[in-house]
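Working notes, structure below.
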Amino acid sequence: MIQEPVSTDAAHGSEAEPEATRRAAGVAESSRANRGWWDRNADEYQIEHGTFLGDERFVWGPEGLDEVEAELLGPPEELKGKAVLEIGAGAAQCARWLAAQGAHPVALDLSHRQLQHALRIGSSFPLICADAGALPFADASFDLACSAYGALPFVADPVLVLREVRRVLRPGGRFVFSVTHPIRWAFPDEPGPEGLSVSASYFDRTPYVEQDETGHAVYVEHHRTIGDRVRDIVAADLRLVDLVEPEWPAWNSSEWGGWSPLRGSLIPGTAIFVCVRD
């Protein structure tokens, strides 16, 4: 049963704030840290962003690009009857929209707490708690796969995830995933003017890590350049057919972390990769 959300301070008591650093972080450490982070922060995340995401809406990122308009998975009328895997589903808003189009989605997330929110909202489709690097499905199980800011920014070995996605896709299947636009790595994660000056090298792939007083990672985010992402897709034997960089729309006045109308009008915030398994 979903409990009432509690404040971060109440949940953590007098725990010290984690230290932000840049250092190496492998597959196991990244997975363990991010599972714990999303379990601890799922309530706050859904409170803060749930209205923007909606309960039954497919949004690709903070710009608000909607799959209804983008049709990156194909025309909505062609989704009926398709088996679709959503990776990093959170509260399964995208999967719920897919189900409303007549698709047969499966929502997968590393975080048990995020999937509890999917149960709270309601789902008529399977919810699977698993690591994207070891998908618990047979080969060629899905017609389509998608991931809106799920898994890929947080894994140390993105090729492992991409190869797993290819394995579970049927020939001709499409995988569409969105991530923070790689150029943002060079800028501070701030929505105001202070977020418009380069502060780090775009080419520095050292992971961003938040760690506790013992040095154990509690959050990890990995950086790949645009070229890295393309090479990862090729290494997984997928074919890149489109790269979408959504522009910030005039109607969107919201701020979401480092995403804002100010920054969005000047530099891209999201990159969406459209891939096909031949």
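The values are calculated or read from the model by the stated rules, or taken from the named source; none is laboratory data. Treat the numbers as computed from the prediction; the structure is a model and nothing was measured. Because the Cβ atoms are built from the backbone with ideal geometry, glycine has one as well, and the counts that use them run over all protein chains shown. Note: accessible area is taken over every heavy atom of the protein model, side chains too, but ligands, DNA and RNA are not part of it. Shrake-Rupley method; radii C 1.70, N 1.55, O 1.52, S 1.80 Å.
Go through the stretch 129-144 residue by residue and tally those that are touching a residue at least 40 places away in the same chain (Cβ under 8 Å) and part of a loop (DSSP other than H, G, I, E, B). Don't jump to the end; show me each part of the working.
Initially, the stretch 129-144 is screened for residues touching a residue at least 40 places away in the same chain (Cβ under 8 Å), giving 131-133, 135, 137, 141-144.
Still in the list and also part of a loop (DSSP other than H, G, I, E, B): 131-133, 135, 137, 141.
Residues flagged as touching a residue at least 40 places away in the same chain (Cβ under 8 Å) and part of a loop (DSSP other than H, G, I, E, B) within the stretch 129-144 amount to 6.
Could you please let me know if S147 is open to solvent by less than 50 Å² (accessible area, probe 1.4 Å), in a loop (DSSP other than H, G, I, E, B), on the phi < 0 side of the Ramachandran plot and hydroxyl-bearing (S, T, Y)?
On the way: open to solvent by less than 50 Å² (accessible area, probe 1.4 Å): yes; in a loop (DSSP other than H, G, I, E, B): no; on the phi < 0 side of the Ramachandran plot: yes; hydroxyl-bearing (S, T, Y): yes.
Spelling it out, it is not the case that S147 is open to solvent by less than 50 Å² (accessible area, probe 1.4 Å), in a loop (DSSP other than H, G, I, E, B), on the phi < 0 side of the Ramachandran plot and hydroxyl-bearing (S, T, Y).
Tell me which residues, restricted to the stretch 251-265, are under 11 Å from G64 (Cα atoms) and either open to solvent by 50 Å² or more (accessible area, probe 1.4 Å) or hydroxyl-bearing (S, T, Y) (or both).
W251, S253, S254 - these are the residues of the stretch 251-265 that are under 11 Å from G64 (Cα atoms) and either open to solvent by 50 Å² or more (accessible area, probe 1.4 Å) or hydroxyl-bearing (S, T, Y) (or both).
Against the condition touching a residue at least 12 places away in the same chain (Cβ under 8 Å), crowded, with 22+ Cβ neighbours inside 10 Å and among the charged types (D, E, K, R), how does R163 come out, does it pass? Give the steps one after another, and end with the answer.
Details: touching a residue at least 12 places away in the same chain (Cβ under 8 Å): yes; crowded, with 22+ Cβ neighbours inside 10 Å: no; among the charged types (D, E, K, R): yes.
Against the criterion (touching a residue at least 12 places away in the same chain (Cβ under 8 Å), crowded, with 22+ Cβ neighbours inside 10 Å and among the charged types (D, E, K, R)), R163 does not qualify.
Suppose we keep only residues that are among the hydroxyl-bearing types (S, T, Y) and either buried (at least 16 other Cβ atoms within 10 Å of the Cβ) or in contact (Cβ under 8 Å) with a residue 24 or more places away in the chain (or both) within the stretch 18-68. Which one would you say is farthest from I121 (Cα to Cα)? If you could, list the steps in order and put the result at the bottom.
Here is the first cut: in the stretch 18-68, the ones among the hydroxyl-bearing types (S, T, Y) are 21, 30-31, 45, 51.
Filter once more, so that each one left must be either buried (at least 16 other Cβ atoms within 10 Å of the Cβ) or in contact (Cβ under 8 Å) with a residue 24 or more places away in the chain (or both): 21, 30-31, 45.
Values: T21: 36, S30: 28, S31: 26, Y45: 14 Å.
For the stretch 18-68, the residue satisfying everything is T21.
Only one residue in P126, P191 is without any contact (Cβ under 8 Å) to a residue 24 or more places away in the chain and closer than 22 Å to L53 by Cβ, so which one is that?
Values: P191 fails: without any contact (Cβ under 8 Å) to a residue 24 or more places away in the chain.
Of the residues listed, the single one that is without any contact (Cβ under 8 Å) to a residue 24 or more places away in the chain and closer than 22 Å to L53 by Cβ is P126.
Among the residues of the stretch 166-203, what is the count of those that are farther than 25 Å from R239 by Cα and open to solvent by less than 10 Å² (accessible area, probe 1.4 Å)?
Final tally of qualifying residues: 2.
Among the residues of the stretch 71-128, write down those that are closer than 27 Å to L243 by Cβ and open to solvent by 40 Å² or more (accessible area, probe 1.4 Å).
E71, E77, E78, K82, Q101
Can you tell me which residues in the stretch 54-76 are modelled with pLDDT of 95 or more, assigned to a helix (DSSP H, G or I) and not β-branched (V, I, T)?
Across the stretch 54-76, the qualifying residues are E67, E69, A70.
Could you check how many residues of the stretch 214-234 are open to solvent by 20 Å² or more (accessible area, probe 1.4 Å) and out of contact with any strand residue (DSSP E or B) (no Cβ under 9 Å at 6 or more places or on another chain)?
Looking only at that region, the number is 4.
Note down all Cβ pairs under 6 Å where the first residue falls in the stretch 220-242 and is at pLDDT 95 or above, the second is of a type in the set (V, I, T) and assigned to a strand (DSSP E or B), and they're at least six residues apart or on different chains.
The qualifying pairs are V220/V209; R239/V276; V241/V274; V241/V276; D242/V274.
Say whether the condition of being on the phi < 0 side of the Ramachandran plot, hydroxyl-bearing (S, T, Y) and touching a His at 6+ places or on another chain (Cβ under 9 Å) is met by at least one residue in the stretch 208-219. Lay out the reasoning, then the answer.
As a first pass, look at the stretch 208-219 and keep what is on the phi < 0 side of the Ramachandran plot: 208-214, 216-219.
Now restrict to residues that are hydroxyl-bearing (S, T, Y): 208, 214, 219.
If we keep only those that are touching a His at 6+ places or on another chain (Cβ under 9 Å) as well, we get 208.
The answer is yes; a qualifying residue exists.
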